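A quick write-up on the structure given underneath.
The values are calculated or read from the model by the stated rules, or taken from the named source; none is laboratory data. For clarity, every value in this text was computed on a predicted model and none was experimentally measured. Cβ sites come from the backbone with ideal geometry, for glycine too, and all protein chains shown count toward neighbours.
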């Protein structure tokens, strides 16, 4: 019985530890004051429209900004993908409701299994309602993996 309890406790601790690591990418407070990397629109007809259709704004903290310039991102780099609905505003495309705030947080030790990046998405305007959590490898990293030569980052600084 003691062995069973020890194994159960160990299993519970490992599960809690894995979940804590998977969900520890923090909300990027103040990101809209960071360096604006670029904006883009994914329109109907694009292969990723169902998942990511709308207006995208990308932001980088100072470490990530240097990473864009160097082609390699240091630990502590944070990139934010702010996705909003794209609404027709009378011959203009205008921002609608926020769909998600996507975050890439570089920590090469903590996130070694996903190229050194932690991934998270915060739903709508929430700073706590997580869209990715422990599914970051399948939900995010699998798409970013082909970008390994660019340190798993799709975007470039706007010239």
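Quick notes on this structure:
- The set of residues from segment 52-73 being on the phi > 0 side of the Ramachandran plot and in contact with a helix residue (DSSP H, G or I) (Cβ under 8 Å, 6 or more places away or on another chain) comprises just one member, 71.
- Residue match in segment 47-55 (condition: modelled with pLDDT of 95 or more and closer than 26 Å to residue 149 by Cβ): no
- Scanning segment 111-159 for residues that are in contact with a strand residue (DSSP E or B) (Cβ under 7 Å, 6 or more places away or on another chain) and in a loop (DSSP other than H, G, I, E, B) turns up 111, 116, 124, 125, 129, 131, 132, 152, 153, 155, 157, 158.
- Residue within segment 44-53 that is closer than 18 Å to residue 130 by Cα and within 15 Å of the chain's Cα centre (by Cα) present: yes
- Residue among 75, 82 that is at pLDDT 95 or above, under 17 Å from residue 125 (Cα atoms), in contact with a strand residue (DSSP E or B) (Cβ under 8 Å, 6 or more places away or on another chain) and surrounded by 11 or more Cβ atoms within 10 Å (Cβ to Cβ): 82
- Of all residues in segment 87-110 being without any contact (Cβ under 8 Å) to a residue 60 or more places away in the chain and in a loop (DSSP other than H, G, I, E, B), the one that is nearest to the chain's Cα centre (by Cα): 107
- Test: residue in segment 44-51 that is in contact with a helix residue (DSSP H, G or I) (Cβ under 7 Å, 6 or more places away or on another chain), surrounded by 12 or more Cβ atoms within 10 Å (Cβ to Cβ) and closer than 21 Å to residue 137 by Cα: no
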